[in-house]
Amino acid sequence: GIGAQVAIFLTEIVLSCLLYVLTKPVSQTFALIALAARLTMTVIIGMNIVPLLGAYHMATTDYAALPVADLSNLMFNLHTYGTLAWQFAFALHLIFLGYLVFNSTYLPRLIGIALFIGGFGYMTDSLGRILGWMDISVFSIASNSLLGVAGVGEISLALWLLIKGVNLDKWKMKTLTS
């Protein structure tokens, strides 16, 4: 619900900063680009809560003379378009994050490859939905396959960081040389 959306919004701010600190030793420029893309996504997520609040308000208020269902559906459609917009920003973030993880030496390169490829999954999904290409089966299969790779990369990175962590010796070495 809306509470979960707010929690995601707040968590994304903290996560964006942590990922920047983690990847800055690889390339400060690319780490800043990844940070900017993820924070852009986060702003869109925050803005995207507004149509949900509008839809909730319309659904719980008696508007006798207005076609409430039409207005409520409009708000949900606006939320969908907002989701497609943040997906595109997140795609850029994943592409740069994948590059950074691949070149980090202190995180597995395979996860970097999955994140990089997965970024194109989010990009093709959002563009495909906006342009109406998801009805083309080959495009839809390719997009969903790339999104599957994204899921593997995102979950792998989260599990790796939670269970194994960063190779601190290599991270410190990279920090000193950057």
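Provide the per residue accessible area, probe 1.4 Å, for the chain, rounded to a whole number of square angstrom.
56 Å²
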**Prompt:** Along the Cα-to-Cβ line of Thr60, 7 Å from the Cα, sits a label point; which residues in the range 1-27 have backbone N less than 17 Å from it?
**Reply:** 1-7
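Provide the gained length on full extension for the span Thr29 to Val138, in nm with one decimal, where the gain is 0.36 nm per separating residue minus the Cα-Cα distance.
Working it through step by step, the gained length comes to 35.7 nm.
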**Prompt:** Over the chain, what is the relative contact order in whole percent, taking alpha-carbon pairs under 8 Å and six or more residues apart?
**Reply:** 21 percent
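Within the accessible area of the range 22-163, what % is carbon and sulfur when the probe is 1.4 Å and the other protein chains stay in place?
Numbers: 5410 of 7420 Å².
The nonpolar share, carbon plus sulfur, comes to 73 percent.
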**Prompt:** R0 = 30 Å: FRET efficiency of Ile113 with Val6, Cβ-based, nearest 0.05?
**Reply:** 0.35
**Request:** Note the full-extension length gain between Leu18 and Leu168 as 0.36 nm times their separation in residues minus their Cα-Cα distance, in nm to one decimal.
**Result:** 52.5 nm
**Item:** Axial C-alpha extent at least 27 Å, average Kyte-Doolittle at least 0.0 - helices from the chain (DSSP)
**Value:** 2-23, 28-60, 68-102, 109-131, 137-159
**Asked** Pick the calculated Cα extents along the principal axes in Å for this structure from (i) 68, 37, 28; (ii) 41, 41, 27; (iii) 44, 35, 26?
**Response** (i)
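The values are calculated or read from the model by the stated rules, or taken from the named source; none is laboratory data. A quick note: this is a predicted structure, and the numbers were derived from the prediction, not measured. No Cβ is skipped: glycine too gets one built from the backbone with ideal geometry, and neighbour counts run over all protein chains shown. Quick note on the areas: whole protein, heavy atoms, side chains included, nothing else; ligands and nucleic acids left out. Shrake-Rupley method; radii C 1.70, N 1.55, O 1.52, S 1.80 Å.
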